[in-house]
């Protein structure tokens with residue numbers, strides 16, 4: 001992609017001090033936008049591709065910017081994602097060469113004390129400033145750096161803001177990326193990570209049982225107490241997502257409640273721009289596939305794939321499902337070679353990406369596999385969007 | 001006396017078991033750190049203090065939540081109390097993940113610039 005010499009990275013700094021946390025006048029945004037387009041028409045290089053950031057939304061309840069999904073996603077684009085250097089060590093932001101991951105907890109309007117006083121959980125929309133979220137995401141999308149607040153999860157306070165420069169790909173991760181309609185409009189692609197209650201319980205046990213303060217009861221009580229707010233505010237976002245990764249207990253082992261073997265469903269909306277759902281063998285048909293047999297030996301409980309069209313909250317979707325675990329490298333490659341529309345650039349890319357993060361949870365089951373595949377689909381989406389943008393100004397100059 | 005040179009660099013290293021690739025088996029998914037990845041990791045005192053602080057906070061907040069919910073399980077205060085427990089538990093888990101799996105000490109950059117501060121002394125186990 002041509003690096004435009006007319007850099008669009010002028011820091012938009014309104015004259016009042018930064019206490020307003022990066023809010024700016026609507027007029028000035030429009031003006032900025034106009035300048036860019038006019039300049040581009042006079043030049044013969046396409047520079048508008050640099051201006052617009054591709055924005056991805058990820059709804060997940062598992063903390064921010066440090067989740068394995070984010071790491072897999074950013075690694076697909078190359079490079080490791082790291083917290084901003086030299087800034088607040090408790091920053092939730094992750095930055096790599098191509099991507100910046102923002103944690104939506106940073107848009108809490110109430111800190112921990114404030115929420116306690118008002119009696120609202122972090123899941124409640126009242127604890128979040130959607131206006132600020134919308135304005136800042138919009139600004140970044142248009143190529144304007146912003147001063148984004150930081151929510152410190154250790155102290156529970158709102159720390160001084162950090163500067164976020166527009167990256168090529170912005171990922172907003174948190175509890176409410178699709179809650180506000182205006183923010184939804186800004187998203188080029190959205191994902192919802194839907195963990196079933198049994199699996200959530202099993203994972204939280206693994207996460208917390210080693211802690212002195214926790215017991216099985218406290219972990220269960222914590223999940224139950226948050227459930228009503230979760231179901232009311234977070235869960236409904238599923239219907240807006242372009243892709244849902246649903247994690248359920250396995251059906252291969254009767255009465256398995258350890259959550260080690262998982263059944264993972266990748267629910268992909270049909271008709272989404274720049275996104276062609278992954279399929280098995282024949283698009284739009286119903287397939288049930290057990291790869292283990294003569295060509296491939298699997299150990300217990302094996303692997304089972306299903307693919308079928310379906311409807312989900314009134315939308316046409318395609319569902320690819322994997323139940324079981326990978327035990328060996330060759331199983332992974334064998335499965336990869338039978339999947340279609342996975343947007344890899346070379347044979348074995350999915351396997352390679354999975355191996356890169358082999359010690360992360362989910363590396364041997366559908367969670368890691370589908371997260372990696374979604375990462376590749378996002379890369380493909382990004383390349384399509386930038387290709388379309390470069391084509392348009394070139395057409396204009398030819399005319 | 002602080003020394004920032006002993007920390008491992010930021011670059012994520014591929015899992016030692018998989019270079020070169022062969023038909024070796026994949027590790028079981030789990031939260032335990034992989035063998036051989038974290039052994040030389042030294043962390044700063046400031047980070048260790050933070051870990052301890054979070055551990056104490058978890059205990060404290062769980063006790064608080066049990067007490068508040070003992071009075072009325074369906075109240076807003078009860079929900080908020082358990083939500084705080086969740087928040088702090090997640091913060092602790094994230095810190096653990098950073099240190100043990102990713103070898104990214106959150107104080108790394110701060111300590112490279114300010115090696116003389118108390119927080120930046122290497123924590124000797």
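Can you find a residue in region B:57-66 that is more than 8 Å from chain A (Cβ to nearest Cβ), at pLDDT 90 or above, touching a helix residue (DSSP H, G or I) at 6+ places or on another chain (Cβ under 7 Å) and farther than 17 Å from residue A:209 by Cα?
There is at least one residue in region B:57-66 that is more than 8 Å from chain A (Cβ to nearest Cβ), at pLDDT 90 or above, touching a helix residue (DSSP H, G or I) at 6+ places or on another chain (Cβ under 7 Å) and farther than 17 Å from residue A:209 by Cα.
Quick one: is residue A:212 in contact (Cβ under 8 Å) with a residue 60 or more places away in the chain and within 14 Å of chain B (Cβ to nearest Cβ)?
So residue A:212 fails the test.
Please work out which one of (1) free of Cβ contacts under 8 Å to residues at least 60 places away in the same chain; (2) more than 14 Å from every other protein chain (Cβ to nearest Cβ); (3) in a loop (DSSP other than H, G, I, E, B); (4) farther than 30 Å from residue A:146 by Cα is the condition residue A:268 fails and give its number.
(3)
Considering each of A:194, A:106, A:159, A:180 in turn, give the residue that is more than 30 Å from residue B:72 (Cβ to Cβ) and not assigned by TED's automatic domain parsing to the domain that holds residue A:71. Give the steps one after another, and end with the answer.
On the way: A:106 fails: not assigned by TED's automatic domain parsing to the domain that holds residue A:71; A:159 fails: not assigned by TED's automatic domain parsing to the domain that holds residue A:71; A:180 fails: not assigned by TED's automatic domain parsing to the domain that holds residue A:71.
That would be A:194, the only listed residue that is more than 30 Å from residue B:72 (Cβ to Cβ) and not assigned by TED's automatic domain parsing to the domain that holds residue A:71.
Which ones in region B:112-124 are away from every other protein chain (no Cβ under 12 Å) and touching a helix residue (DSSP H, G or I) at 6+ places or on another chain (Cβ under 6 Å)?
B:121, B:123
Can you find, within region B:76-111, the residue that is farthest from the chain's Cα centre (by Cα) among those that are facing chain A (nearest Cβ under 8 Å) and not in a helix (DSSP H, G or I)?
Applying the filter and picking the extreme gives B:107.
Considering only residues that are within 24 Å of residue A:254 (Cβ to Cβ) and without any contact (Cβ under 8 Å) to a residue 12 or more places away in the chain, which ones fall in region A:293-327?
Correct list: A:293, A:297, A:300.
Show me the strands (runs of 3 or more DSSP E) found entirely inside region A:282-399 where at least 3 residues are in the same structural domain as residue A:272 (by TED's automatic domain parsing) and under 22 Å from residue A:193 (Cα atoms).
A:303-312, A:315-324
Would you check which residues across region A:102-124 are more than 14 Å from chain B (Cβ to nearest Cβ) and more than 19 Å from the chain's Cα centre (by Cα) and list them?
Scanning region A:102-124 gives a single hit, A:109.
Restricting attention to region A:133-145, report how many residues are in contact with a helix residue (DSSP H, G or I) (Cβ under 6 Å, 6 or more places away or on another chain) and farther than 22 Å from residue A:389 by Cβ.
2
Quick check: anything in region A:249-256 more than 22 Å from residue A:372 (Cα to Cα), more than 14 Å from chain B (Cβ to nearest Cβ), free of Cβ contacts under 8 Å to residues at least 60 places away in the same chain and under 18 Å from the mean Cα position of the chain (by Cα)?
No: region A:249-256 contains no residue that is more than 22 Å from residue A:372 (Cα to Cα), more than 14 Å from chain B (Cβ to nearest Cβ), free of Cβ contacts under 8 Å to residues at least 60 places away in the same chain and under 18 Å from the mean Cα position of the chain (by Cα).
The values are calculated or read from the model by the stated rules, or taken from the named source; none is laboratory data. Remember, it's a predicted structure, so these values are computed and weren't measured experimentally. Ideal geometry is used to build each Cβ from the backbone, glycine not excepted, and the neighbour counts take in all protein chains shown.
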